[in-house]
Amino acid sequence: MKKTIVTSAALLSLALLAGCGSSDDGGKGDDKPADTGSQAPASDEKDGEHGLDTPYAYPDGFTVTLSNFERGKSSDTALPAETDFVRFTVQVENKTGKAVDLGLFTIQCKTGDDGSAAEEVFDEGLGGQLTGTVNDGKKATGDFACVLDPAETKLQIEVSPNYGDDITELPDTAVFNGEVAAK
């Protein structure tokens with residue numbers, strides 16, 4: 001178990017460091033955006049960002065969908081306890097032609113105009129449920145929640161599937177933006 005945790009931590013560190021490099025062509029570039037190759041088609045969406053209820057489909061056949069947005073309050077045994085939140089369902093569908101390991105799957109929430117980080121809520125039936133492997137042609141679903149003040153309506157959810165054979169070519173983060181009715 002310890003070896004698995006250390007290996008996962010090392011892979012995550014490598015993934016984070018891979019984005020830290022820089023390239024400078026001395027001003028000789030053609031000012032065209034770089035082609036990452038793994039960005040999902042943006043269709044009508046701006047800069048790869050999608051509405052809260054718009055599925056994010058990767059070119060390889062992996063899709064992330066958010067649904068069932070609902071406000072609530074965490075229990076007295078939750079982390080954080082007795083806190084207002086927004087709950088939502090994350091579903092992934094795998095049509096990549098191979099099994100996908102969800103071991104490094106992450107979700108991050110931001111709220112408000114300033115994009116303040118919002119803590120994930122861990123309570124009965126919430127958080128950390130999208131793990132293991134999803135086989136080709138199958139779906140996996142989990143319920144999550146993030147702290148959201150009752151008066152706040154703006155929400156951004158970033159989903160990073162972090163799968164792939166090459167740590168330097170992980171899929172882009174799916175960014176979902178929208179509003180949730182005030183409580």
Filter result (outside any strand (DSSP E or B) and either over 14 Å from TYR163 (Cβ atoms) or in contact with a Cys (Cβ under 7 Å, 6 or more places away or on another chain) (or both)) within segment 79-108: PRO80, ALA81, GLU82, THR83
Does LEU130 satisfy being crowded, with 19+ Cβ neighbours inside 10 Å and assigned to a loop (DSSP other than H, G, I, E, B)? yes
Among the residues of segment 144-163, the number that are closer than 13 Å to SER74 by Cβ and either among the basic types (Lys, Arg) or not in a loop (DSSP other than H, G, I, E, B) (or both) is 4
Residue within segment 57-72 that is outside any strand (DSSP E or B) and in contact with a Leu (Cβ under 8 Å, 6 or more places away or on another chain) present: no
Under the condition of being of a type in the set (Phe, Trp, Tyr) and either under 18 Å from VAL175 (Cβ atoms) or in contact with a Phe, Trp or Tyr (Cβ under 6 Å, 6 or more places away or on another chain) (or both), which residue from segment 69-111 is surrounded by the most Cβ atoms within 10 Å (Cβ to Cβ)? PHE88
Is it the case, given these coordinates, that ASP76 is part of a loop (DSSP other than H, G, I, E, B) and closer than 16 Å to GLY178 by Cα? no
Across segment 109-126, what is the number of residues that are part of a loop (DSSP other than H, G, I, E, B), within 21 Å of GLU179 (Cα to Cα) and not hydrophobic (A, V, I, L, M, F, W, C)? 5
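A short reminder: the numbers here are calculations on the coordinates, not readings from a lab. Since the structure is predicted, the reported quantities are computational estimates derived from the model, not experimental observations. Here Cβ is always computed from backbone atoms with ideal geometry, including for glycine, and neighbour counts include all displayed protein chains.
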